[in-house]
Structure formats: C-alpha cells, structure tokens
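Here's the structure, in structure tokens; my notes come after.
What follows draws every value from the coordinates through simple rules; no lab data is involved. Computed from a prediction, not measured in an experiment: that's the story for all the values here. Virtual Cβ from ideal backbone geometry, glycine too; neighbours counted across all protein chains shown.
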Amino acid sequence: MAALSLRLCSSPLICRATLSNGDNLRNPHATDASFIRRAADLSEMSAGLTSPHPNFGCVIATSSGKVAGEGYLYAQGTKPAEALAVEAAGEFSRGSTAYLNMEPGDCHGDHTAVSSLVQAGVGRVVVGIRHPLQHLRGSAIRELRSHGIEVNVLGEDFQSKVLEDARKCCLLVNAPLIHRACSRVPFSLLKYAMTLDGKIAASSGHAAWISSKLSRTRVFELRGRSDAVIVGGNTVRQDDPRLTARHGQGHTPTRIVMSQSLDLPEKANLWDVSEVSTIVATQRGARKSYQKFLASKGVEVVEFDMLNPREVMEYFHQRGYLSILWECGGTLAASAIASGVIHKVVAFIAPKIIGGSKAPSPVGELGMVEMTQALNLIDVCYEQVGPDMLVSGFLQPVPDLLPVIPSEDATFEIDPSVNPFESSIIFFYKTWDLYGSFSNFSPHPIRMPYGEENDDYRTWSSVEHYYQANKFVGVENPLAHDSVEKIRTARSPEEAALIGRSKQRQQPELVRSDWEDVKIEVMYMGLKCKFSTYPHLKTMLLSTAGSVLVEASPHDLFWGGGREGEGLNYLGRLLMQLRSEYLAESSVSAENTSLAL
Ligand SMILES: NC(=O)C1=CN([C@@H]2O[C@H](COP(=O)(O)OP(=O)(O)OC[C@H]3O[C@@H](n4cnc5c(N)ncnc54)[C@H](OP(=O)(O)O)[C@@H]3O)[C@@H](O)[C@H]2O)C=CC1
Ligand SMILES: Nc1c(N[C@@H]2O[C@H](COP(=O)(O)O)[C@@H](O)[C@H]2O)[nH]c(=O)[nH]c1=O
C-alpha cells in the first residue's frame, strides 16, 4: 500500500494528503512532507484575499512531531504567517521546526517573517518552494541561514516521492503567482456545469440550473478566489448573469464580457456596477453609440484590434490580474482552449439527461478529428458535491520553479521588443515589484491624526487606509464616523480601498465637501509620514534621483500614468516632490556641516 492516502478536498485547487500512523517509521521524509502539505492547506485559506500577494502558511512543529502553532497570511499587509505561528506556539517555538509552503518575500526591507522565526529561536526551517519572483528569490533563505538556522528546501536538499508530492501542493496553491512570474497571461480556469449527456443548456438555451445548489456555492467560492470572471456575449444575452461571489465572504471579482458585435441588451445585471465593476472587451470600432451607453452606466469598454482570448489575457496580465475564471459557453471556451490560455478545467457533472442534438456542449469546435488528438488532463481530482460529481484537472502543468524562472526584467532583456520602459523612468505599481514600496498600498503603518487640525493620532495600517478614511473625516454624521473606523480597521489596503470607494459611490453625502480640493494634500501627508518613518524607504526614494517616477497603473488616470502615458501620474509626482524636498534638506545639512568644519 502507498504510504500516502490521497484525500479529496473541499478545494478544487489542491489535493491534500494525510499520513497514516507508522508512515514516519517507513519513510524518513514523511513527517516533513505531511507538515509542508499542512502549511500549503493553511495558506490556501486566504486564496482570493491575498492577491496579488502569495498565499503563505506556516506550521511550527516540536521535535516530537506535534503541531505547536500555525498561521496563514490573511491578506496583503496583514501579519505574516510565520509571526502568527510562532506567537501561537509561544515557548514551544524554541528549537522547533518551521514548515513554510513558500519562502517569505521579505520585500521592501520588511523582515518580519524571517525575524519572527529567528527571534523565536526556531532551529530548522523547511521550505516547500522558493519565492517565484526572482528579485525576492533566495534572500529569506540566505538570511535564515546567516542566523545559523538549518534551512532545507524540498527538491534541493533532499528528494523523494513523498516530498515531490508535497512540493507539488505548494506549486498548486500559488499557481497564479508562479504563472505571473514566468508567463504573459494570467492563470485561467475554465468552469462549467453539464448534464450527464454532456449538455450545458437545453436546446432552447435555458440552463438554470444544471448543477445543484451545493455545487453552485462552490462556484461562488471559485469566483471569490479569482481576480475576474469572464463570459461571452451569448451568455449575457441568454442568461443575464450576475457573476458575483455570493457565498457570504471575501472578495468579489471584476466581471469581463467578450463581445465582438456588441449586440448586447440595454438592460443587464452586469451593467449594474454599484457593487462590482464590469469591463467589456470588444473589437475596435464596434457600435460606438452602444459603447457610449455602456460608459454612461459606468461600464468600462476596452477595444482590441484583434479580439481573441490571447490578446485579451495579455492585456489583463498587464493590468495585474493573476487569476481568471472562465464561465462562458462552448463557443468562447473552444476559442480560449485553442489559444492556449486555459490552464485548468473544473467540470460539475449533474446526474441529469436533457438530450437535444442542438443543445450546447461545454467546448465547441476544436478541429480535432481523431481521439488520439484529445487533450488529456493531468493531476485529475474527483469529488462528489451533493448529487453532482466534480472533475478537475490541468490542461497545462503548473510551471516548475527548477531551474530558475527568469524574472520579467530578465525576460525583457531576452526579448527587447517587450520592454515598455525607458531607462530614465522608474515604474512602480504592485507592492511586490522592485519599487513596490512606493505604492500607497505597501504594508507600512503610519501614525497620523484623524483630521488636519486634530491631535488625536492613530495608527493606519497603510497610506491607503489613511487616504480612504480621510474622505469621511470631519463630516457631522455618525455614519461618516463609522466609515472612518471601518476603513481604519480594514484588514488590508485592498479592503480599505473597497470600503472607501463603495461608500463614496453609494453614499456621496458622507464624503467631506472639500475632498476634491484636499485629496492630493492628504495623499502627500500620508506618503511623507511613511517615508519619514521608514529610513530604508527614504534611502530607496533618494536612490532614484534623476529618474522619473511613474505609477504604472493602466486604469487609474489620476494617480497613475495610464497605459500609454495618458494618466496624470499624481502619485509619481508627489513622490518626486518629496524626493526633491529630501534632497534639498540633505544638501542644506551638508552645507551646514562644511561651514562648521
Ligand atoms: N452550464 C454552464 O456552465 C454554462 C452554460 N452556458 C449556456 O451556454 C449557452 C451560450 O453558449 P455560447 O453561445 O457558446 O456562449 P459564449 O459565452 O461562449 O459566447 C459566445 C460569444 O462570445 C463572444 N466572443 C468574443 N470573442 C470571441 C472569440 N474569439 N471566440 C468566440 N466567441 C467570442 C461573441 O459574442 P458576440 O456575439 O456578442 O460578438 C460570441 O458570440 C447559453 O445557453 C448559456 O445558458 C453558458 C455558460 C456556462
Ligand atoms: N447553468 C449553470 C451555470 N451557469 C453559469 O453561471 C452563470 C450565472 O451566474 P449568476 O447569475 O451569478 O448566478 C451563467 O451565466 C453561466 O456562466 N453555472 C453553474 O455552476 N451551474 C449551472 O447549472
């Protein structure tokens, strides 16, 4: 009998494994493998909330093989998994082994993850996979080793079948980020519900519902883990879907519609963007009057010279999307598979027969004529969900991290045609990028007062928390005060932004009347406080002297630079203003020193 017994898990993303008693005796690596799997399982609890941060989990195990503490990163900017796990383990951390599904990022000079393990006296660290982004890769491992801690990386320091399986779990749990590091399209999952006779709707086009309520709740969870959900024009016309995550928690993805004709209804649930945004991707020049109508509803329209799944995915990759859920019908699904942008398939199969020779099926024409041409799924999982069967598997393997995947920068060096940057411009955007700590979303808490003339200082978890809360500061309404508190205590900058933006949209009466006049100053004060509080950030800012700083947000045309430099780049401008103030200060103090000598 195999030492590992695969257990079908609640998550369609990964298959977990449990060890039976006695495995440890038979296989010396069984304990390490089992704890790494546990760390991967834990890390997955934050899926959808951490994006674009990786999912991190940590298990602290004593020398007798007992779990003393565990933790996972709840969301970007919250306490690292390692710090939570050693806190939970308390004194048991000393001499223990820490299991991490992924090497910590320790970006922006924030060494909390590593230092909490060092300070807690952990004796050994086992790492599932190294960090996939090359500029972060290996530095936490080196740092831990420099403190005399033994660090073992699966697949590098020792190898065996059980460890290889455990390492695979670590790759799967962060598949979107790993794809981000080595490809130009987001990680895409095609999901559909079909009858036992392979239909996704009746011949009339009616499809509500094929799968059970329980299965559909699982779909809400899948949506909650994705950055965006995508459908084709026909699904909008037939189903009038909402495409929201309604399982009661977490994040709601952006909705994307691909339509060449723009022959879409005037009334549709997707055009209600009060809770979540919708983007329509279309062919350049299609129905301009309808494009205007969509814009008037608050729906963003993006035109493509060639509307096909690959172009659309490359575009959303550039916009920072890591994971996409395809919930389209067979026509678009076939086109997406043929373009090679689908990585994983999740099929809910309901024990029903609807028949109908014209009833649609999940994947349209792929041009294959022989069974030998069929695409074989790999790492297939089977799970019963209520009355339905859930079959999932990968169309393409998650890229392996061995050997080292070139970073995006290195890729640009290899293929200069994709280098969009000039050397005198420094772009920053996502917090985990090289200059990501320049972003107002970077996880650097600041101490700032509630309002300008207020000495009631509070800690704000990021500049974004401070900025969003200031929209409602000083407004004589208990609901405005309540909004400030909700934003201040939001668990991540993304959550703070979500609350701030939706309150502003839904209850504009709560927003201070001078907001448009003061918002730049508010952002400036927040940034100034951040760079003054963290000397290493100030040093980093000063090191960019001579370069233009641009927030590379393609869609925020006020704070960011836009896709083709059409944005106002106020965030970049404020940072350059701050930098010149710091440079002036340091030249004055150098002058004073030389005068004193
Ligand atoms: N059971 C299930 O899981 C699901 C069932 N369905 C059902 O499926 C049926 C709709 O299926 P289907 O017609 O295949 O709908 P799709 O969702 O695949 O939409 C097809 C449309 O996508 C647009 N499109 C844009 N670019 C492309 C491209 N490169 N290739 C292909 N299409 C493109 C076109 O819209 P346009 O014409 O506007 O230009 C096209 O007509 C409905 O009955 C619906 O209820 C749908 C989703 C899931
Ligand atoms: N019919 C069908 C599905 N259909 C998909 O769900 C969409 C509707 O989502 P919403 O409007 O948010 O409830 C629909 O347009 C299509 O993409 N999904 C399933 O899990 N099971 C089903 O039986």
Listed with the fewest Cβ neighbours within 10 Å leading, T62, T278, T459 appear as T459, T62, T278
Cα extents of the stretch 31-162 along the principal axes, largest first, in whole Å, come to 36, 29, 29
Fraction of alpha-carbon pairs in the stretch 42-107 farther than 18 Å apart, rounded to whole percent, equals 32 percent
Quick note on W271, W460, ordering by fewest other C-beta atoms within 10 Å, gives W271, W460
Violations at 23 Å Cα threshold for listed pairs K503/K528; K199/K267; K79/K191; K79/K530 -> K503/K528; K199/K267; K79/K191
Measuring from its Cα centre, the chain shows a charge dipole (+1 at each Lys and Arg Cβ, -1 at each Asp and Glu Cβ) which, in debye to the nearest 20, is 1480 debye
Diffing the stretch 228-237: the Karplus 3J(HN,Hα) column from phi (6.51, -1.76, 1.60, θ = phi - 60°), in whole Hz with x for Gly and Pro, holds 8, 10, 10, 9, x, x, 5, 5, 5, 5
Semi-axes (Å, rounded, descending) of the ellipsoid equivalent to the stretch 311-382 per its C-alpha gyration tensor are 24, 15, 15
Computed over the stretch 37-169, the relative contact order (Cα-Cα under 8 Å, seq sep at least six) in percent reads 19 percent
Cα extents of the stretch 148-216 per principal axis, largest first, Å, are 67, 29, 19
Taking the reciprocal of mean 1/r across every pair of different Cα atoms in the stretch 492-563, the Kirkwood radius in Å is 14.7 Å
Convex hull around the C-alpha positions of the stretch 93-157: the volume in Å³ per residue is 74 Å³
Over the chain, the sum of -39500 (n - 2.57) across DSSP H runs of at least four, divided by residue number and rounded to 500 deg cm²/dmol, gives at 222 nm -10500 deg cm²/dmol
Counting every C-alpha pair in the chain, the percent lying more than 48 Å apart is 15 percent
Check: C-alpha center the stretch 105-155 vs C-alpha center the stretch 25-73, spacing in Å is 15 Å
